[in-house]
Amino acid sequence: MRRGTTKEKTTKLLKEFRAKVPEMTIRTTLIVGYPGETEEDFQTLKDWVKEMRFERLGCFTYSHEENTHAYNLEDDVPEEVKMKRANEIMEIQSQISWELNEAKIGQEFKVVIDRKEGNYFVGRTEFDSPDVDNEVLIDASKTYLKTGEFTKVKVIEAEDFDLYGLVVD
Amino acid sequence: MRTKTIKKNRINVVTLGCSKNVYDSEVLMGQLKASGKDVVHEQEGNVVVINTCGFINNAKEESVNTILHYMQKKEAGDVDKVFVTGCLSERYKPDLEKEIPNVDQYFGTTELPSLLKALGADYKHELIGERLTTTPKNYAYLKIAEGCDRPCSFCAIPLMRGKHKSTPIEDLVTEAEKLAVNGVKELILIAQDLTYYGLDLYKKRNLAELLEQLVKVEGIDWIRLHYAFPTGFPMDVLDVMNREPKICNYLDIP
């Protein structure tokens, strides 16, 4: 892929990140269905995703783009296989994300309130970027919060990707 | 006596694709406002500017459909003019001009001054960091570089965004200060490749130094890092992350 790195080097780098900044939430994005990707390659990717346990993960299906280097290769993984592989990766990730979220129940986090949606104030921790990452939902019938402000929240419930919380005084 | 009504143009900017495009739309809107134009983001306006994405198939399709949607509105007389800018038109301008010729004009990613001219505004170079942000007021994107020197086989971005060009630290600090004055508490650092920051301008990877300067900006509580390519990642960034509570313990690695 001409990324200037290898599986081994990336694994080593990620382990270094985790060792130096243990609290770090890592987000990454994968491509499935790159030209020539075999079932065996895909299995390697799945195993790696399970091993790395990324806190946040996205997955693209390969798109064959003219004037790129890979355009010289044959786009030989069928679209439905690409989709299936992307879904499989996201299923694995849902489980990992749920486990990591479950572990947060009872913990307190500084949360910024981005907006109010229906009966919830929607916030984020420092481990979440807007639009792409997890959100913290706070029951708006029990608490009034100002959007744009920080507040301290205790996590009371976890889903695959989102958390529910109560404001801590 | 006849009275003449002069209809005032309202420019509606529509943004597709990634946060880098959001940023570019905000710069465009800031420039338009500075020229006294009435400008809105994804609302109603009789002049439409579509900032397109040309990254992968789905995104290109969405951009083309959006152009077609506004062409229908133009034909129905609901809008007067439609301009197209951004990555799709940078990459496919000749094709688009042929396939959808009724668009008033197409612009590439480096043609902000000409786009402004077509909209009756002047490009003002001195407006560093004067953006009209479209995100909730507590956070804003800060684009620290444009373009990408990585040769990744699958990626079309360098075709549309050119070579890596870092924005100087002092300009970014000025921009961050202005954002903070307007109530922004969280800066989300973006570029095609954050890791490469500084190599062109300072002859060294300089993300850590930039972060050291940005944490001094009053009013900013969180600084978040996106798009940090793994190859050549400057490990001193981790020291700053550990030392400075304002730097979120967060890293997005493409």
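Hey, can you tell me all the residues within the range A:132-163 that are under 18 Å from the mean Cα position of the chain (by Cα) and part of a strand (DSSP E or B)? The answer is A:Val136, A:Leu137, A:Ala158, A:Leu163. Checked against (1) surrounded by fewer than 16 Cβ atoms within 10 Å (Cβ to Cβ); (2) away from chain B (no Cβ under 12 Å); (3) assigned to a loop (DSSP other than H, G, I, E, B); (4) touching a strand residue (DSSP E or B) at 6+ places or on another chain (Cβ under 9 Å), A:Asn87 passes all but a single condition, namely (3). What do you reckon, is A:Glu39 more than 12 Å from every other protein chain (Cβ to nearest Cβ) and loosely packed, with under 13 Cβ neighbours inside 10 Å? Yes; evaluated as a whole, the condition is true for this residue.
Do the conditions hold for A:Thr28, that is, is it more than 13 Å from the chain's Cα centre (by Cα) and on the phi < 0 side of the Ramachandran plot? It is false that A:Thr28 is more than 13 Å from the chain's Cα centre (by Cα) and on the phi < 0 side of the Ramachandran plot.
The combined condition, being more than 28 Å from A:Arg115 (Cα to Cα), within 14 Å of another protein chain (Cβ to nearest Cβ) and polar (S, T, N, Q), is fulfilled by B:Ser153. For B:Val103, the test of being free of Cβ contacts under 8 Å to residues at least 40 places away in the same chain, open to solvent by less than 30 Å² (accessible area, probe 1.4 Å) and either touching a helix residue (DSSP H, G or I) at 6+ places or on another chain (Cβ under 9 Å) or assigned to a loop (DSSP other than H, G, I, E, B) (or both) is passed.
When A:Ser94, A:Ser129 are checked against the criterion of being away from chain B (no Cβ under 14 Å), within 20 Å of the chain's Cα centre (by Cα), open to solvent by less than 50 Å² (accessible area, probe 1.4 Å) and within 30 Å of A:Val32 (Cα to Cα), a single residue qualifies: A:Ser94.
In the range B:220-233, the residue that is nearest to A:Thr25 (Cα to Cα) out of those that are in a strand (DSSP E or B) and more than 7 Å from every other protein chain (Cβ to nearest Cβ) is B:Leu225. Checking the structure you have, find out if any residue of the range B:33-52 is over 11 Å from the mean Cα position of the chain (by Cα), part of a helix (DSSP H, G or I) and over 30 Å from B:Phe154 (Cα atoms). The answer is yes; a qualifying residue exists.
Filter the range B:234-246 for residues that are in contact (Cβ under 8 Å) with a residue 12 or more places away in the chain, more than 9 Å from every other protein chain (Cβ to nearest Cβ) and either among the β-branched types (Val, Ile, Thr) or open to solvent by 20 Å² or more (accessible area, probe 1.4 Å) (or both) and give the result. Within the range B:234-246, B:Asp236, B:Val237, B:Val240, B:Glu244, B:Lys246 qualify.
Picking from residues in the range B:57-81 that are within 14 Å of another protein chain (Cβ to nearest Cβ) and touching a residue at least 12 places away in the same chain (Cβ under 8 Å), the one that is surrounded by the fewest Cβ atoms within 10 Å (Cβ to Cβ) is B:Glu62. Examine the range B:207-219 for a residue that is modelled with pLDDT of 95 or more, open to solvent by 20 Å² or more (accessible area, probe 1.4 Å) and facing another protein chain (nearest Cβ under 8 Å), and state whether such a residue exists. Looking through the range B:207-219, none of the residues is modelled with pLDDT of 95 or more, open to solvent by 20 Å² or more (accessible area, probe 1.4 Å) and facing another protein chain (nearest Cβ under 8 Å).
The values are calculated or read from the model by the stated rules, or taken from the named source; none is laboratory data. These figures come from a predicted structure and were not determined experimentally. Note: ideal-geometry Cβ built from the backbone for every residue, glycine included; neighbour counts use all protein chains shown. Just the protein is used for accessible areas: all its heavy atoms, side chains included, with ligands, DNA and RNA removed. Shrake-Rupley method; radii C 1.70, N 1.55, O 1.52, S 1.80 Å.
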